[in-house]
Structure formats: structure tokens, C-alpha cells
Amino acid sequence: MYCTYKIYYNNSFVLITGDRAQINKKFAKVLDTEKDIEDFLDNPAILFDGHTNENILVVCPKPGENMCHFLDKMDIVIAGGGIVTNENDEVLLMFRRGMWDLPKGKIELNEKILEGAIREVEEETGVRVKSVDEKPITTYHAYRLKGKNCIKETSWFHMRAKDGQKHLTPQTEEDIEEVRWVKKEDLKDYKEIAYPLIWGLLSEHVLKPKEV
């Protein structure tokens, strides 16, 4: 099993992996020499320019070390969120700033990530959480914030909502316009108006391969 990391930026991603078979897939750029990898990780300007969109593959023998080297140079924002389902096996989505999203938010000082993730779900959607799978899925998102290059490291937890919650309450002060339950077979209809990171989570951790 190869250790693999995916960093989303703009509408694209960087894949850092030890799996050379990935070279056969469609990437705009492949970095597999020590110098090219070092140059990119030391100066990943295109991840923060706000307009570049090309999937980049970084193939290296020690992806974990390379990822740590990259993160050491960034301002890290720790966040938590939920992939929430209900008793009808529907998935909770919310509409924010023109795109469909999943509930998540920044973890507060001295707050445990799991507790913060539940808090964010409940605050942003009005849904009350019944149970949580405590093994998280971690994603990385590169962006600019107040002149700094930031990486948002989000821990996503599978959550089950309490039964009978049909009336949802979007947190409008966080620019959330709508919250809705969506049948899994209908999720594909949201692909074009969902953030790539969000669709990646749904396609990899909610949908069956034939449904993607």
C-alpha cells in the first residue's frame, strides 16, 4: 500500500505518492526527479495564484517526508467537518457562495477536533448528531488568507443524524443559503456545482464506483 496525499487548490489538485503507476493517468505535469520535486515543494507558487488549474503528480520514494516538508512551510488551519447521513440514508448538503458543500469549520483553541466537527455541523445546518465514526478522513486545501499561504487540514467524520430531522436551518451569517437531504443516487447531479474536494469526498467515501 502506497502512502498518498492529495492537496486541492483552485479547481485542481496535487497528488504526492510513491505509486509510479499513477504516471499512466492524466496529469498536466509529472514531477519525479529529486530536483523537480524539491523545487516545486520549496516554491509552490501556482497553488496560491488563484487561477492555475492543472492536476500535478509528484512521485517520490518517501511521500510522507515530502508532505511534511511541504506543510512545514505553510500556515496550517485545522478544521473539522461531517459527512452526515440520516435514517433514510440521505446525505446532508448545503449551498454556500454558489456551490454545494459539506458542513465544516475551523477548530477553536483547546477544542478537540471531533467535538469541533460536531459543533460545526450542528451550527451550520441545525442538524443534531446522534453518532459518529471516530476514524477521520483527512483532506488538504491550499489557499491564500490575509497575504499568507495557508493549508486547511480538515478531519471529516462520518456522522449519523438523529431521526426525524426534516426541517433544516442554514447558518445564514456564514453565507449558507440552503441545507438539504439528498438521496445517494441523486448526488451525481451535484457534481458540476460542488467543490472538487467535496466531490472527491462524496465519490470516494459515499458512492459506489458505478455511481460516480
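The values are calculated or read from the model by the stated rules, or taken from the named source; none is laboratory data. All values derive from a computational prediction rather than experimental measurement. Because the Cβ atoms are built from the backbone with ideal geometry, glycine has one as well, and the counts that use them run over all protein chains shown.
Counting only strands (runs of 3 or more DSSP E) that fall entirely inside the stretch 106-208 and contain at least 3 residues that are within 19 Å of the chain's Cα centre (by Cα) and farther than 29 Å from His51 by Cβ, the qualifying elements are 148-161. For the stretch 21-63, a residue qualifies if it is among the hydroxyl-bearing types (Ser, Thr, Tyr) and either without any contact (Cβ under 8 Å) to a residue 24 or more places away in the chain or assigned by TED's automatic domain parsing to the domain that holds Ile151 (or both), and exactly one does: Thr33.
Hey, among Lys191, Lys135, which residue is out of contact with any strand residue (DSSP E or B) (no Cβ under 6 Å at 6 or more places or on another chain) and over 18 Å from Phe13 (Cβ atoms)? One residue alone meets the criteria, Lys135. The single condition among (1) at pLDDT 95 or above; (2) in contact with a strand residue (DSSP E or B) (Cβ under 9 Å, 6 or more places away or on another chain); (3) surrounded by fewer than 20 Cβ atoms within 10 Å (Cβ to Cβ) that Thr172 does not satisfy is (2). The single condition from (1) among the hydrophobic types (A, V, I, L, M, F, W, C); (2) within 14 Å of the chain's Cα centre (by Cα); (3) assigned to a strand (DSSP E or B) that Val84 fails is (2). Whenever a residue of the stretch 149-167 is farther than 30 Å from Met74 by Cα, its partners that are acidic (Asp, Glu), lying with C-beta atoms within less than 7 angstrom and at least six residues away or across chains, give the pairs Asp163/Glu87.
A Cβ distance below 6 Å, combined with a sequence gap of six or more or placement on separate chains, defines the contacts here; from the stretch 118-147, residues that are closer than 30 Å to Cys3 by Cα reach residues that are surrounded by 13 or more Cβ atoms within 10 Å (Cβ to Cβ) and of a type in the set (Ser, Thr, Tyr) in the pairs Pro136/Ser155; Thr138/Ser155; Thr139/Thr154; His141/Tyr8; Ala142/Tyr9. Looking only at the stretch 96-151, which residues are loosely packed, with under 15 Cβ neighbours inside 10 Å, of a type in the set (A, V, I, L, M, F, W, C) and under 23 Å from Met67 (Cα atoms)? Answer for the stretch 96-151, where residues must be loosely packed, with under 15 Cβ neighbours inside 10 Å, of a type in the set (A, V, I, L, M, F, W, C) and under 23 Å from Met67 (Cα atoms): just Leu145. Could you look through the stretch 83-95, keep only residues that are surrounded by fewer than 17 Cβ atoms within 10 Å (Cβ to Cβ) and touching a strand residue (DSSP E or B) at 6+ places or on another chain (Cβ under 9 Å), and pick out the one that is farthest from Met159 (Cα to Cα)? Selected residue: Asn88.
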